[in-house]
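The values are calculated or read from the model by the stated rules, or taken from the named source; none is laboratory data. Bear in mind the structure is a predicted one, so any value in this text is a computation, not a measurement. Glycine also receives a Cβ, built like all others from the backbone with ideal geometry; neighbour counts cover every protein chain displayed.
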Amino acid sequence: MESPFSHRFNTNYIPSDEEIEFIRRELVSHAHELARIDEHIRQLSAQRDQIQAYIEPYRALITHPRRLPPDILREIFVACLPSDRNAVMSAQEAPLVLCRICSAWRTIALLTPRLWASLHVPVGYIVRQEARKPAVIEWLQRSAACPISLSVAVGEGWHDPSSVSVLLASLANFSARWRHVEFLHLSPQIVAQFARIRPRELISFKFTGAISSLRTLDMIQVPTLRVVTLHHRGVQYMDDFVLAMPLCWEQLTHLTLGCNTEYKAVRIGIIVVILDRCTRLVSFRVSLGSTASEDDHPPGTLSPSLPFLEAFIMTGEGSLSAQSLVRLLEHLSMPHLRHWQFRTEITTIPGSFSLAALTLTSPLIEDLGSLYLPSFTAESVAETLCSLSSLTRLSVIDSVIDDDVWDANLATPSNASHLLHLLTPRRDIEAVVCPALRELVIGRCCDLEQSTLDAFIRGRKDFSPDFRRLEFRNPSADDLLKDQIRSYISQGLDVSIVHDESGLKPSTPWTDLAEGNQ
């Protein structure tokens, strides 16, 4: 729309009296037109709202969720449940959130027993409000005849003993259907309330607390029990109580023995005794205690055969002598072992440490966890890796943390270059070290030569297309790596540089629950 004053807009021009009068007449005429258009828009908006209100119910009638059969909806609802823990009494998660969508979904959810067959019971949260205790009972009653997965956490703080007893008694009424049970931070007095309970179909049992209180539990003696996880929080060594437990050891397939400190964890001399009782194990995870004496070694008369064991993980904050580890491996037969890991420092003397005893008797190993290179010599690294024809993932730590404890006879800071050279397929050597390798992780890498890295990637790429991932954790050679990383990625290789931040994990509303599932 043209105006005779267009060239005056956005200037400092002051109109004359005649021009002001003209402008006022223009404003009046166009103001009427603007009001007419606004009224027309209002009428059109009202018509639009009427049409929208008319067609929305029709759209709702033909939506896909409305047409889903109830059995399909039930399967979708069950898939909404947490997969790594039990359900919680929160309207933000399934199954309760499913009851807030519509009346039809609420009816289907309430009549689906599998939705209510798992529950996490934080005792403090429940007993603080009287209405929550019957809600727990109602929840489990909806599970009908389904097996129940239950986790009970008492936590810190004062709780009314009578209220706690009533709640635990209510849970015990459903014990005939307990399939998976987890107790977190239960005192011996609370554990005693479950002493005579003997679930007929209990498969897994997890406990965090003083495990000395578990010896009176009938439930750990049921022959159906296959999975046992114990996290010791007592003041004495964990193995003082483990061996005395009336478990059906020969039936166990998965056993985890953890502790909050290495001084109270399992001593290495007891591991063989435990494994000799559990010949059907598929996985075994144990926290090692500090071994201050060489007398702590496996009994010479025991040589457990573990034909089904696939995963063996040892952790510990202390140190473990290479001699003790070698003695342990010499006592064990694990022909189907695929995952071996020890997350503890190995103390050794030059030339004394090698994993040949493990790799020769367990030829199917695919993952060795993380190897601490300063515990090896160049010869023992080669001896270990040359026997790993099935290894698909290798993780190593290149350098020691503290230069004051450096031993010149052990692996040097440039040992990552030696490792890459060892793993590089070459035409002049027929046998390739770790031919099935797909992933390599190098921690605290330093003094890495570019030519060595290039040769490794080129050799692996030409030898096997299966090698696809290379990761550097906290490297000291960032500049070299960053200059090369783009070219490696362009070759189809997944290359990454990772810098670990603080080990502190952010607090979440489910922190305590997550602890019990570790």
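Could you please find all residues in the range 188-238 being of a type in the set (Ser, Thr, Tyr) and assigned to a loop (DSSP other than H, G, I, E, B)? Result: Thr224, Tyr237. Return the total of residues in the range 438-486 being among the aliphatic types (A, V, I, L, M), in a helix (DSSP H, G or I) and at pLDDT below 75. Final tally of qualifying residues: 3. Here Ile365 meets the list (1) farther than 21 Å from Phe342 by Cβ; (2) at pLDDT 85 or above; (3) among the β-branched types (Val, Ile, Thr) almost entirely, failing just condition (1).
Considering only residues that are under 15 Å from Ala322 (Cα atoms), among the aliphatic types (A, V, I, L, M) and part of a loop (DSSP other than H, G, I, E, B), which ones fall in the range 351-395?
Answer for the range 351-395, where residues must be under 15 Å from Ala322 (Cα atoms), among the aliphatic types (A, V, I, L, M) and part of a loop (DSSP other than H, G, I, E, B): just Leu355.
The residue pairs whose first member lies in the range 55-73 and is surrounded by 10 or more Cβ atoms within 10 Å (Cβ to Cβ), whose second member is of a type in the set (Val, Ile, Thr) and part of a helix (DSSP H, G or I), and whose beta carbons are closer than 7 Å, counting only pairs six or more residues apart or on different chains, are Pro70/Ile108; Leu73/Ile108. Among the residues making up the range 15-51, a single one is among the acidic types (Asp, Glu) and under 58 Å from the mean Cα position of the chain (by Cα): Asp49.
Could we say that Ser303 is at pLDDT 70 or above, in the same structural domain as Thr384 (by TED's automatic domain parsing), in a loop (DSSP other than H, G, I, E, B) and out of contact with any Gly (no Cβ under 7 Å at 6 or more places or on another chain) here? No; evaluated as a whole, the condition is false for this residue.
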